[in-house]
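Any read-out appearing in this document is the output of simple, stated calculations on the displayed coordinates, not a laboratory observation. In this text the structure is predicted, and so the values were computed from the model without any measurement. Note that each Cβ is placed from the backbone with ideal geometry, even for glycine, and that neighbours are counted across all protein chains shown.
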Amino acid sequence: MHSEMDRRQFAFSLAGLGRLWPQPRFVHLCGIEFRVKRYASSPRRFLVIHGDETTARDVLSDYMFDHYGIAYMVTNSGRNVEIEGVTIDPNRMFSRVGAQKSIDSLNPRIDAARREKALAFLDRERRNLLRKLTPGAGSRLFALHNNRDYSVNDEIPGSDRVSIRQPDRPREFFLCTDLRDFEILSKSPYNVVLQTKSEPDDGSLSRLAARRGFRYINLECAIGSYEDQMERVRWLDDRLP
Ligand SMILES: [Zn+2]
């Protein structure tokens, strides 16, 4: 009798623990699996979209332990994903034009029917993906990336404004689409560029954000620079509304 009661109480307390430390949830969006981490109710959205950018994923996963917002992190291990048997860069699927370019470059011998099937699938699924990633009114989407052979110097020519406070650290930089965010970030000790144009449409999230008018900030850091990336995430999240 006693042991039965103990067992019930134990099971009950485990259920209570589960509510305090929720288990990770997973969702499929555009055929891609994302791990979802949520802390309290908040209009803020966070994203890691490239599976081989493991530092960004580690930073965001740790950060979301005790900060408001909802984070979506891809679970695959490569940069590209397979959708309907076709390879695509997930940061090029936010428009049909961009998705088609990415599919053509990554699947050189693809036939028209298979390409059309993948594009039609994305056209159907994209709305749900965007519904999840679009921040609440007035809030922002913050995406974390890592780079290996890419830097702020690649973005300066296409930017409206730039603030380079760390010229010796070109691989660490913010890219934002809203002037007010740029004004705040340009007071940081870090590199930042502003890009408000929605063209040319390459299917990336920054172009989509410019088109749709929501605030988007992208943080690039060298792969492996965990502390540098965490420091910048904290700086931004503490100061941007
Ligand atoms: Zn990336």
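Over all directions, the projected convex hull of the C-alpha atoms in the range 73-146 averages 5.7 nm² in area.
For Phe46, nonlocal amide neighbours, meaning residues 5 or more places apart or on other chains whose placed amide H falls under 5 Å from its own, are Ile70, Ala71, Tyr72, Phe142. Checking every one of the chymotrypsin sites (Phe, Trp or Tyr not before Pro) in the range 26-69 against DSSP loop status and a limit of 15 other Cβ atoms within 10 Å picks out Phe65, Tyr68. Sequence-ordered 3J(HN,Hα) estimates for the range 80-87 from the Karplus curve with 6.51, -1.76 and 1.60 and θ = phi - 60° stand at 8, 10, 9, 10, 6, x, 10, 7 Hz, glycine and proline given as x. Computed extension length for Tyr226-Arg212: 1.9 nm, one decimal, from 0.36 nm per residue of separation with the Cα-Cα distance subtracted. Under the classification rounded if a/c is under 1.5, otherwise prolate if a/b is larger than b/c and oblate if not, where does the range 125-176 fall, given a ≥ b ≥ c as square roots of the Cα gyration tensor eigenvalues? It is prolate, given that a/c is not under 1.5 and a/b is the larger ratio. The charge dipole of the chain, taken about the Cα centre with unit charges on the Cβ atoms of Lys, Arg (+1) and Asp, Glu (-1), comes to about 880 debye, rounded to the nearest 20. Within the chain, DSSP assigns beta bridges of which about 50% are antiparallel (rounded to the nearest 5). Note that the range 62-77 has calculated 3J(HN,Hα) couplings of 5, 5, 6, 4, 9, 10, 5, x, 10, 10, 10, 10, 4, 9, 6, 9 Hz, one per residue in order, obtained from phi through the Karplus relation 6.51 cos²θ - 1.76 cosθ + 1.60 (θ = phi - 60°); glycine and proline are x. Excluding residues fewer than 8 places away in the same chain, name every one of the lysines whose C-alpha is closer than 23 Å to that of Lys101. By straight Cα distance, Lys101 reaches Lys117, Lys197. Across every pair of non-identical alpha carbons in the range 36-167, the mean reciprocal distance, once inverted, gives a Kirkwood radius of 16.7 Å. Shown for Cys221, Cys30, Cys176: other C-beta atoms within 10 Å of each C-beta, ranked fewest to most, produce the order Cys30, Cys221, Cys176.
With the alpha-carbon atoms of the chain aligned to their principal axes, the span from lowest to highest coordinate is 75, 50, 34 Å, starting with the largest.
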